[in-house]
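Report on one structure; see the data block that follows.
The values are calculated or read from the model by the stated rules, or taken from the named source; none is laboratory data. Everything numeric in this text was worked out from a predicted model, so none of it was measured. Here the Cβ positions follow ideal geometry from the backbone for every residue, glycine too, while neighbour counts run over all protein chains shown. Heads up: the accessible areas ignore ligands, DNA and RNA and are worked out on the full protein's heavy atoms, side chains in. Shrake-Rupley method; radii C 1.70, N 1.55, O 1.52, S 1.80 Å.
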Amino acid sequence: MAEIMSKEKVRFQLERIILFSDAVFAIAITLLIIDLKVPELEWPVTDTGLIKSLSVLVPNTIGFLLVGLYWTVHHRLFGYVTGYTPFLLWLNLLFLLGIVFLPFSTSFYSAFFDPHLKVPLILYSFNFCYIGLFSFWIHRYVTNPKRKLTEGLSAKKASYYSFRAIVIPIIFALIILVSFFNTVLALFIPPLTPVIVFLIAKIYKWKSSLNPIKLRGKRP
């Protein structure tokens with residue numbers, strides 16, 4: 001009976017962690033959407049001016065897509081989680097700190113969206129590096145078989161999820177590096193991030209589907 005109560009208590013605590021995390025994600029996404037406003041331009045208005053004014057909405061759009069991506073990743077990972085530790089609580093809290101900070105870094109980047117300014121882009125990119133690194137850390141911590149915090153997660157899937165978690169911080173670290181040499185070129189990389197992550201997932205699934213064929217071909 002004590003064991004059953006213990007499992008119920010752990011499940012309840014995990015639900016609290018997930019619900020709290022979901023609330024933070026929801027607030028961050030809401031703030032990103034609220035920040036999308038119709039540009040205020042002085043007449044006469046030109047199509048070129050309108051297109052230029054709409055470009056400042058790109059960071060919010062990217063932020064929305066990536067926060068949504070991180071929410072799905074967080075949701076999927078915690079679907080395997082059956083236990084927790086105080087350290088995992090802090091890892092998750094520090095990860096959510098990056099999510100909370102994102103609406104500010106995005107607004108700052110949008111307000112000073114200019115190819116001649118490095119600081120807004122660097123701050124925006126650093127925010128995603130921070131989020132990505134803590135996401136990777138959580139994946140590595142939770143999927144470590146020695147801690148016995150998950151059930152039903154194969155080693156192959158765990159390795160893939162960890163690999164995909166590190167992709168985004170690497171991309172944004174590259175953006176920071178490129179911005180010191182060519183800010184204009186660096187500005188074109190963030191919109192490609194969701195596409196790169198999507199392609200990596202497709203390539204992984206394609207390679208995985210080929211493995212059984214190769215194995216069958218080796219049989220006599």
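Quick notes on this structure:
- Whole-percent carbon and sulfur share, accessible surface of segment 45-159, 1.4 Å: 71
- The chain: angle of helix 193-218 to the longest principal axis, Cα-based, in degrees nearest 10: 40
- Mean separation of Cα contacts under 8 Å (6+ apart) over length of segment 77-218, as relative contact order %: 26
- 0 to 90° range, to nearest 10: angle between helix 2-34 axis and the chain longest Cα axis: 10
- Of the chymotrypsin sites (Phe, Trp or Tyr not before Pro) found in segment 69-166, the ones in coil according to DSSP and having at most 15 other Cβ atoms within 10 Å of their Cβ are Phe112.
- For the options Ile122, Ile175, Ile17, a Gaussian network treatment of the chain with springs between C-alpha atoms closer than 10 Å singles out Ile17 as fluctuating the most.
- 222 nm mean residue ellipticity, helices alone, for the chain (DSSP H n ≥ 4; -39,500 (n - 2.57); rounded to 500): -26500 deg cm²/dmol
- Cα long-axis angle, helix 155-179 against the chain (0 to 90 degrees, to the nearest 10): 20
- Entry comment: accessible area of the chain is 62 Å² per residue, from protein heavy atoms only and a probe of 1.4 Å.
- Distant-in-sequence amide contacts of Thr150, defined by a placed amide H-H separation under 5 Å and a gap of 5 or more residues or a different chain, comprise Thr82.
- Of Leu50, Leu77, Leu177, the one that fluctuates the most in a GNM where the chain has Cα springs shorter than 10 Å: Leu50
- Where trypsin sites (Lys or Arg not before Pro) fall in DSSP loop in segment 8-38, at most 11 other Cβ within 10 Å: Lys37
- By accessible area with a 1.4 Å probe, ligands and nucleic acids excluded, highest first: order of Thr30, Thr48: Thr48, Thr30
- Split the chain at each of the GluC sites (Glu not before Pro) in a DSSP loop with at most 16 other beta carbon atoms within 10 Å, and the longest piece is 43-150.
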